[in-house]
Amino acid sequence: MSQLRNVVVRARKSSLFRDSFWALFGSALGKGLSLLAGIAIARFLGKEIYGEYGMIKNTLLMIAVFSSFGLGYTATKFIAESRNENPHRALLVHRIAQRVTLVASGFIAMLVCVFADYVAVWLEAPHLVNVLRLSAVAIVFNAVNTTQTGELSGYNAYKAIAVNNLIAGVLTFFLSVGFTYLWALEGAIVALVLSLIANCMLNYFSLRRELCRDNLQIKDNVLFKEILSFSFPVALQESLYSVTHWLNVVILIKLAGYGELGLSSAAGQWMAVMLFVPGALRNVALSHLSATNTDRTANHQTLKKLLMVNFVSTFIPFLVILILSGWICSWYGEDYKGMQAVLNVSVFTAVVNSLTNVFVQEFMAKNRNWYLFFTRLLRDVGILVVAYFCLLEIKHSGALIFAIVSFCFQTLYFMFLWFKYKLVMK
C-alpha cells in the first residue's frame, strides 16, 4: 500500500504526468461528444450522404493541415524553449506564427472558393459546390486553432486547452445534432464551422493570459527564417498524409462508391476516438522529449513512459470495441452492413499508430524533420498504390481493402522507426 502511495505521489509531482492529465481530460469528453454527434449525423444523413459529408470533411482537413504550415508543433517547440529565459522571443514566435497561419490559410481558402466548381465536378458531386465554398471558411479557423493550441502547449497551458476543448466539444455536439436534423448536410457543415470559430475565440482569450505584455515593435528576420526552416518539412509531412488520405477517398468514390466511403468514415470515427490520447499527448511528448535532448537517459525514460501510456490507452479500448463491435455497428442502422470487419481492422491499426506517434515526436524533437518526410512519403504512397490496384480487382469491399492495406503499411513503418531508433538515435 505504501509503495502504491509513493507511486501516486511521484506521479503527481511529475510535470509530464500533470501536463498529460490536463491534455487528456478535455480531449476525452470533447472527443466523446464528437463521436456521439458523428453517430447522430450518420443516422440523419444515411450512408450515401454521410459519405459525401466524409468526403467534404476529409478534403477540409487535408487542406487545413498544410494551411497551418506546421506551425502548431513549431510554436510548441520554440515557445517552450524561450518562455522562461526570453519571454520577448516567445512573443515574437506568437506573432510570426499567427501571421503566417492567417496568410497561408486565407490564401488557400480563397483558392477553394474559386475552384469549388471544378473540384465538385471532379468528385462527381456538382451539387456540393456551395457546401465546398462554405467549408473554405472552416479552413481558416481550423488552421488558426491548430497554431493556437501549439502555442498554448508551448506555455504548458494544458488546463486551458482542456477547458476549451470541453466547451468546444459540447457546442459541437448540440450544434451538429440540431443543425443536421434541421438542414441535413448543409447544417452539418455550418455546425462544423461555428464550432471551430468558438474554439478559436476560447483559445484567443487563453493566449492573452500567457503572452508577454510588452508592445514589441522590433522584427527578427533570423527567427522568422529559423521558424520557417523548421516548420516547412513538418508541414510537408503532415499534409502528405492528408493528401494521400484524400486521394484514397477519391479512389474509393471512383472505384467503389460513396457507400463504401460511408463505411470507412464511420469506422474512422472510432479510430479517431482510439487515438485521442496519443493525439492529445503529441504536443506534450514533443515538449518533454525536446527538453531531454541532451540527457540520453532521461530522454529514453520519457520515451518508454510515452510508449507505455499510448499502448495501454489504445489496446484496452481496442479489446472493448472488438468484443462489442457487432453491437456498435447496429447503432448506425441496417444501411451500414459490412462495417464490423472494417471497424475491427481500423481500431487495431490505431494501436500501431499510437506507438508510431511517439517515435515521430522523438525524431521531430531531434530536428530530423526531413528524414520523417521522406520515410512517410514512402509509406503513404505505398498505401495509395497498393490499395488502388487491389480495388481494381475487388470493388465490392473497398472500405475493408483500404483498412487492411493501411494496417500492413502502418505496421511496417512502426517497425522501421523502432529499428532506426535502436541503431542510431538512442
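The values are calculated or read from the model by the stated rules, or taken from the named source; none is laboratory data. Predicted model, so just to flag it, every value in this text is computed and none were measured. Don't worry about glycine lacking a Cβ; one is built from the backbone with ideal geometry, like all the others, and counts go over all protein chains shown.
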Checklist entry - Any idea which residue in region 369-402 is farthest from residue 421 (Cα to Cα), counting only those that are modelled with pLDDT of 85 or more and of a type in the set (D, E, K, R)? => result 380
Checklist entry - Which one of 133, 99 is free of Cβ contacts under 8 Å to residues at least 40 places away in the same chain, out of contact with any helix residue (DSSP H, G or I) (no Cβ under 9 Å at 6 or more places or on another chain) and more than 18 Å from residue 199 (Cα to Cα)? => result 99
Next on the checklist: aliphatic (A, V, I, L, M) and either surrounded by 20 or more Cβ atoms within 10 Å (Cβ to Cβ) or within 28 Å of residue 304 (Cβ to Cβ) (or both): which single residue out of 372, 377 fits that description?
Outcome noted: 372
Next on the checklist: Could you go through region 211-231 and let me know if any residue there is hydrophobic (A, V, I, L, M, F, W, C), buried (at least 20 other Cβ atoms within 10 Å of the Cβ) and at pLDDT 80 or above.
Outcome noted: yes
Checklist outcome for this item: Quick count over region 81-99, residues being closer than 19 Å to residue 288 by Cβ, among the hydrophobic types (A, V, I, L, M, F, W, C) and either outside any helix (DSSP H, G or I) or touching a Leu at 6+ places or on another chain (Cβ under 6 Å) (or both), is 0
Item to check | Set 128, 102, 182, 111: member being in a helix (DSSP H, G or I) and surrounded by 18 or more Cβ atoms within 10 Å (Cβ to Cβ) | outcome: 128
Checklist entry - Can you tell me which of 358, 351, 320, 309 is modelled with pLDDT of 85 or more, over 24 Å from residue 422 (Cβ atoms) and either more than 19 Å from the chain's Cα centre (by Cα) or assigned to a helix (DSSP H, G or I) (or both)? => result 320
Item to check | Leading residue by the ranking (surrounded by the most Cβ atoms within 10 Å (Cβ to Cβ)) among those in region 403-426 that are in a helix (DSSP H, G or I) and at pLDDT below 85 | outcome: 425
Checklist entry - List the pairs whose first member sits in region 311-337 and is touching a residue at least 12 places away in the same chain (Cβ under 8 Å), whose second member is aromatic (Phe, Trp, Tyr) and part of a helix (DSSP H, G or I), and whose Cβ atoms are under 7 Å apart, counting only residues at least 6 apart or on separate chains? => result 318/348; 321/270; 329/336
Checklist entry - Taking only pairs six or more apart or across chains, which ones have beta-carbon atoms under 6 Å, a first residue in region 74-93 that is buried (at least 23 other Cβ atoms within 10 Å of the Cβ), and a second residue that is not polar (S, T, N, Q) and not in a helix (DSSP H, G or I)? => result 90/83
